[in-house]
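*Asks:* Have a look at this one before I ask anything.
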Amino acid sequence: MSILVDRDTRVIVQGITGSAGSFHAQQMIEYGTRIVGGVTPGRGGQRFEAAGPDGDSSGRVSVPVFDTVADAVRATEANATCIFVPPPGAPDAILEAFDAGLRLVVCITEGTPVMDMIKVRRVLDSLGGATGGPRVYLIGPNCPGVITPGACKIGIMPGPIHRPGNVGVVSRSGTLTYEAVGQLSSLGVGQSTCIGIGGDPVGGMDFVDVLALFQSDPSTRGVVLIGEIGGSAEERAARFIRDEMDKPVVAFIAGATAPPGKRMGHAGAIISGGKGTATEKMAALEDAGVHLAPTPGELASTMVKYLKT
Amino acid sequence: MKIHEYQAKEILGRHQVPVPRGVVATSVDEAETAAAHILRETSGPSIVVKAQIHAGGRGKGGGVRVTRRGLTEVADIARQMLGMQLVTHQTGPGGQMVRRLYIEEGLDIAREYYLGLVVDRDRRRVAVMASTEGGVDIESVAASAPERIRTIHVDPAVGLARYQSRALGFALGLGASETMGQFVRLLDGLYDAMVREDCSLCEINPLALTKSGKLIALDAKINLDDSAEFRHPEWRSLEDPNEVDSVEAEAKLAGLSYVALDGNVGCLVNGAGLAMATMDIIKHYGAAHGVSPANFLDVGGGAHPEQVSKAFSMILRSPQVRAIFVNIFGGIMKCDVIAAGIVAAARETGLRVPLVVRLEGTRVELGRKLLAESGLAIRAASSMADGAQLVVDAVLEGVAGSNYIPVKSS
């Protein structure tokens, strides 16, 4: 009924004793995510205490903290992780998660060096299944995470704006994803799963990887795709949509008014050498049969127009 | 982060990439002394004086001059260049003031090539590009004669393999074994610099083959990956405050991301994607009426009140701003906390232009109530589109008094 995460996903938090890690672990538990443990090297044996789902203090949750991801997986049978480790250690934390055999690795950390991510990506690619399909999915870094509304939230997005439903959302941005979700929910359109793939130049899942999952997910009936200037992930997405998808896709590309050569917040959002402009990306998507939202204020209303009932 | 040519060459030199002898000068006297020193050491035919600004295309703008006439002429050239506003296709019409020169040995050049290392986002690897079209803009070669650019990708687990370097060398026509050996060693050094110094771009354009058969980096451009700053304390000393927009630098220090634009609506947004989308939607409703964003400003996804407050005062300092649009999707940060931050900042800085606020997220009702009860002339927007239309109208009102036709249909 969703992609990547559901009620049964068992999640650990790497960096659970740090300020961001502990705050968001608490938020995830409140949302109902099955947080089964945490990892902070040197803090093994401690426990992480939090109020229970919906802030229920009578049902307080206490989860074990481990020194290594491998220890955590062995003891808790976790299959997913959410990483809040600061930039110098984040690439290492991702590699440790790969090595421990987790199926889903979500890295929230912003500001990891691109040279480190090139190495991480090399390892990720080498794990691609000889048996077909990847053995491990990496989301991020520099992303809000992934949520299946009402079932499981791994990341930092505000839970209450989401509604369970049938529209998939995939985006390179954080708050612009919330904007799209907020619009959908206010029109009574729920979401199957929402994924922020992150704003860095080199990372894990690409639009195409997510679109492929949405296309084969029976509970997803349409997809909202939010891209931005820089790189050519949107152009690859356009080719995939044209060749492989029959579900309606609505898109918006942020940064049509951005000047070339300037980095617009995200490390990846930069027009260089006249490439990666919003105009090119929108043209490619439109050619592939994608419905473009005329403004970012009309993401949901455009989706509603093309959703088959 | 961008650095100067002379700094890039210093880095390349450390990684065994051959570079011409050169000295930095910030005055005419220093330029003359530097030239004398170089002439003594090299007995070369000429001296090159190069303006050091963070922009390409310096040669065409008069920022690179060669002289064979000795020290007096070096001094003359230095006198002309220092303090000039150098205009190139990358500086904008105002140009950039020249404050530093690089005095370099001149060389007798037989051939020029292009060599560049970049992070290829699509392949997720470092790409090495080589071309026989040296000394010209590589983007224009890519557009007009892509077959003249040869590209290879480096496996990060293995590093640059010699066969890959040789393949590029053969593509450049460096068949002669002695030159090929130099080329392979030079590329080893360049790749080493790219990875160890955390560059996002490492470009030698042109790479020169001298008449005496030596390969040498005639020009060099390096961009550093801002995210790697934590492991390069030495980068502090590479920064040239004169080359950085002072407002952008101030924003960076406060943890904000700011880019100045030439419009009239100040934007304060949380998150890079939403900030770009906000600029887009203002232009969508305002372009026909001469209303457009004055800046890109991302206070961070979390939207902490201190950052909102800092951002506010930065926007209000810009004289071109005729109205402000605050667009915050609060997320986990509570809207009432953000609203309190906005009210405090507006009071502190003194609000001289209309302020449109769109707040969304947790406890939004409480946030809107705080804004309404603040006594400030804040126009509350119910959505992003509503806010964009309100702010365009606010600018038009200011320009035309009451004789304007509102964009927002009521």
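*Asks:* Any residue in segment A:25-42 that's over 22 Å from A:ALA90 (Cα atoms) and hydrophobic (A, V, I, L, M, F, W, C): show its pairings with residues that are modelled with pLDDT under 95 and not in a helix (DSSP H, G or I) at Cβ separation under 6 Å, as long as the two are six or more apart or on different chains.
*Replies:* Once the first residue is over 22 Å from A:ALA90 (Cα atoms) and hydrophobic (A, V, I, L, M, F, W, C) and sits in segment A:25-42, its partners that are modelled with pLDDT under 95 and not in a helix (DSSP H, G or I) give A:ILE29/A:ALA50; A:ILE29/A:VAL61.
*Asks:* Which members of segment A:14-38 meet the condition of being hydrophobic (A, V, I, L, M, F, W, C) and either closer than 10 Å to A:PRO64 by Cβ or part of a loop (DSSP other than H, G, I, E, B) (or both)?
*Replies:* A:ILE16, A:VAL36
*Asks:* In the set A:ALA93, A:ALA78, which member is part of a loop (DSSP other than H, G, I, E, B) and modelled with pLDDT of 95 or more?
*Replies:* Exactly one residue qualifies, and that residue is A:ALA78.
*Asks:* Looking at A:VAL181 and the list (1) in contact with a helix residue (DSSP H, G or I) (Cβ under 8 Å, 6 or more places away or on another chain); (2) in the same structural domain as A:TYR31 (by TED's automatic domain parsing), which single condition is not satisfied?
*Replies:* (2)
*Asks:* Tell me the strands (runs of 3 or more DSSP E) entirely within segment B:251-331 that contain at least 3 residues that are surrounded by fewer than 24 Cβ atoms within 10 Å (Cβ to Cβ) and within 11 Å of chain A (Cβ to nearest Cβ).
*Replies:* B:257-260
*Asks:* From the list A:ALA283, A:ALA300, which residue is touching a residue at least 60 places away in the same chain (Cβ under 8 Å), part of a helix (DSSP H, G or I) and of a type in the set (Gly, Ala, Ser)?
*Replies:* Matching residue, one of A:ALA283, A:ALA300: A:ALA300.
*Asks:* Okay, next question. State all residues of segment A:105-120 that are over 14 Å from A:ILE195 (Cβ atoms) and either at pLDDT 95 or above or in contact with a strand residue (DSSP E or B) (Cβ under 7 Å, 6 or more places away or on another chain) (or both); if no residue qualifies, say none. So that I can check it myself, show each step before the final result.
*Replies:* As a first pass, look at segment A:105-120 and keep what is over 14 Å from A:ILE195 (Cβ atoms): A:109-120.
If the condition is that a residue be over 14 Å from A:ILE195 (Cβ atoms) and either at pLDDT 95 or above or in contact with a strand residue (DSSP E or B) (Cβ under 7 Å, 6 or more places away or on another chain) (or both), then A:THR109, A:THR112, A:PRO113, A:VAL114, A:MET115, A:ASP116, A:MET117, A:ILE118, A:LYS119, A:VAL120 are the ones that fit.
*Asks:* Let me ask you something else. Could we say that A:ARG236 is more than 23 Å from B:ASP298 (Cα to Cα) and facing chain B (nearest Cβ under 8 Å) here?
*Replies:* Yes; evaluated as a whole, the condition is true for this residue.
*Asks:* Which condition breaks for B:GLU30 when tested against (1) within 10 Å of B:TYR102 (Cβ to Cβ); (2) over 26 Å from the mean Cα position of the chain (by Cα)?
*Replies:* For B:GLU30, the failing item is (1).
*Asks:* Out of segment B:8-54, which residues are buried (at least 21 other Cβ atoms within 10 Å of the Cβ) and part of a helix (DSSP H, G or I)?
*Replies:* Across segment B:8-54, the qualifying residues are B:ALA8, B:LYS9, B:ILE11, B:LEU12, B:ALA31, B:ALA34, B:ALA35, B:ILE38.
*Asks:* Continuing with the same structure: Taking segment A:202-230 on its own, how many of its residues are modelled with pLDDT under 95, touching a Gly at 6+ places or on another chain (Cβ under 7 Å) and surrounded by fewer than 24 Cβ atoms within 10 Å (Cβ to Cβ)?
*Replies:* 0
*Asks:* Also, quick follow-up: Name the residue that is nearest to the other protein chains (Cβ to nearest Cβ), counting only residues in segment A:239-266 that are surrounded by fewer than 24 Cβ atoms within 10 Å (Cβ to Cβ) and within 30 Å of A:MET115 (Cβ to Cβ). Steps first, answer last, please.
*Replies:* Here is the first cut: in segment A:239-266, the ones surrounded by fewer than 24 Cβ atoms within 10 Å (Cβ to Cβ) are A:239-240, A:242-248, A:256-257, A:259-263.
Going one step further and asking which of them are within 30 Å of A:MET115 (Cβ to Cβ), we end up with A:239-240, A:259-263.
Working: A:ARG239: 12, A:PHE240: 14, A:PRO259: 7, A:PRO260: 10, A:GLY261: 8, A:LYS262: 5, A:ARG263: 8 Å.
Checked segment A:239-266; the qualifying residue nearest to the other protein chains (Cβ to nearest Cβ) is A:LYS262.
*Asks:* Being in a helix (DSSP H, G or I), hydrophobic (A, V, I, L, M, F, W, C) and away from chain B (no Cβ under 12 Å) is true for just one of A:LEU176, A:LEU184. Which residue is that?
*Replies:* One residue alone meets the criteria, A:LEU184.
*Asks:* Continuing with the same structure: Counting only residues that are in a strand (DSSP E or B), among the aliphatic types (A, V, I, L, M) and surrounded by 20 or more Cβ atoms within 10 Å (Cβ to Cβ), which one in segment B:190-233 is nearest to the other protein chains (Cβ to nearest Cβ)?
*Replies:* Across segment B:190-233, the extreme among qualifying residues is B:LEU224.
*Asks:* Might you check whether a residue that is part of a helix (DSSP H, G or I), of a type outside the set (S, T, N, Q) and within 14 Å of chain A (Cβ to nearest Cβ) occurs anywhere in segment B:175-189?
*Replies:* For segment B:175-189, residues part of a helix (DSSP H, G or I), of a type outside the set (S, T, N, Q) and within 14 Å of chain A (Cβ to nearest Cβ): absent.
*Asks:* Being modelled with pLDDT of 90 or more and surrounded by fewer than 19 Cβ atoms within 10 Å (Cβ to Cβ) is the filter here; which residues of segment B:126-147 pass it?
*Replies:* Hits for segment B:126-147 are B:ALA127, B:THR132.
Okay, residues lined up against (1) surrounded by fewer than 15 Cβ atoms within 10 Å (Cβ to Cβ); (2) more than 24 Å from A:GLY159 (Cα to Cα); (3) acidic (Asp, Glu); (4) more than 14 Å from chain B (Cβ to nearest Cβ):
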{"position": "A:ALA25", "(1), (2), (3), (4)": "no, no, no, no"}
{"position": "A:THR33", "(1), (2), (3), (4)": "no, no, no, yes"}
{"position": "A:ARG60", "(1), (2), (3), (4)": "yes, no, no, yes"}
{"position": "A:THR76", "(1), (2), (3), (4)": "no, yes, no, yes"}
{"position": "A:ALA80", "(1), (2), (3), (4)": "no, no, no, yes"}
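*Asks:* Any idea how many residues of segment B:92-136 are part of a loop (DSSP other than H, G, I, E, B) and within 11 Å of chain A (Cβ to nearest Cβ)? Steps first, answer last, please.
*Replies:* Step one: filter segment B:92-136 for residues part of a loop (DSSP other than H, G, I, E, B), giving B:92-95, B:98-100, B:106-108, B:121-124, B:132-136.
Of the ones still in play, those that are also within 11 Å of chain A (Cβ to nearest Cβ) are B:92, B:121-124.
So the count comes out to 5.
The values are calculated or read from the model by the stated rules, or taken from the named source; none is laboratory data. As the structure is a computational prediction, the values presented were derived from the model and not from experiment. For neighbour counting, all protein chains shown are included, and Cβ atoms are generated from backbone atoms with ideal geometry for every residue, glycine included.
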